[in-house]
Amino acid sequence: WDNADFSRGVGTTYFQEFLTLDTAKPPFVRDVEAKIRRYLRSSYSAAWTLKITWEKAPAYTARTDTRRTNTYQAVLTTDGFRSYVLMLYQEGGMGWDYTRLAATNVLIGYT
C-alpha cells in the first residue's frame, strides 16, 4: 500500500458492509467464501464481510500527476473465529509511476 491522494478531486473511495449471520448471502459474499475455500482448502462461512474500494486513486502527491491512477480493493471477512483479508487489484489497473513514489521497494500485495 502507498499513499493515495484525493485532494485534487480525482478518484473515489467507497465501502460496502455485508452482515450475513441470519440472512441470505449475496453473490459477492459467496464468491469471497469460494475463494477462501479454494485457496486455503478450508470450510468457511462468512458472518461479516467489508469491501473497501479505491477507484482511480492517484498516488501521493496528486499535484504532480492525476492521470496515472490505481484501482484496488481490500475485503475483510470473518466467521467469528477466523478472519481473512483479500487484496484485489484491477487487471492492468496499476497506473502509478512507481519510480516517482517515496518508497523504492514497491510490491503489489504483501509477504
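The values are calculated or read from the model by the stated rules, or taken from the named source; none is laboratory data. What you see is a predicted model, and the numbers here were worked out from it, not measured in a lab. Cβ coordinates were reconstructed from backbone atoms using ideal geometry, including for glycine residues, and neighbour counts include every protein chain displayed. Surface accessibility is based on the protein's heavy atoms, side chains included, excluding ligands, DNA and RNA. Shrake-Rupley method; radii C 1.70, N 1.55, O 1.52, S 1.80 Å.
Quick one: how many Å² of K25 are accessible to a 1.4 Å probe, rounded to 10?
Near enough 50 Å² of accessible area.
For the range 1-101, restrict the atom set to alpha-carbon positions and state the Rg and Dmax in Å.
16.1, 48
Would you mind getting the accessible area per residue of the range 12-100, heavy atoms of the protein chains only, 1.4 Å probe, in Å²?
65 Å²
Not counting ligands, DNA or RNA, and with a 1.4 Å probe, what is W48's accessible surface area in Å² rounded to the nearest 10?
W48 has an accessible surface of roughly 70 Å² with all protein chains in place.
With a point put 7 Å past each Cα toward its Cβ, work out how far V85 is from T12 in nm, to one decimal.
With each label placed 7 Å out from Cα toward Cβ, I get 2.5 nm.
Taking R0 as 22 Å, what's the FRET efficiency between N3 and Y39 from their Cβ-Cβ distance, rounded to 0.05?
E between N3 and Y39, to the nearest 0.05, is 0.15.
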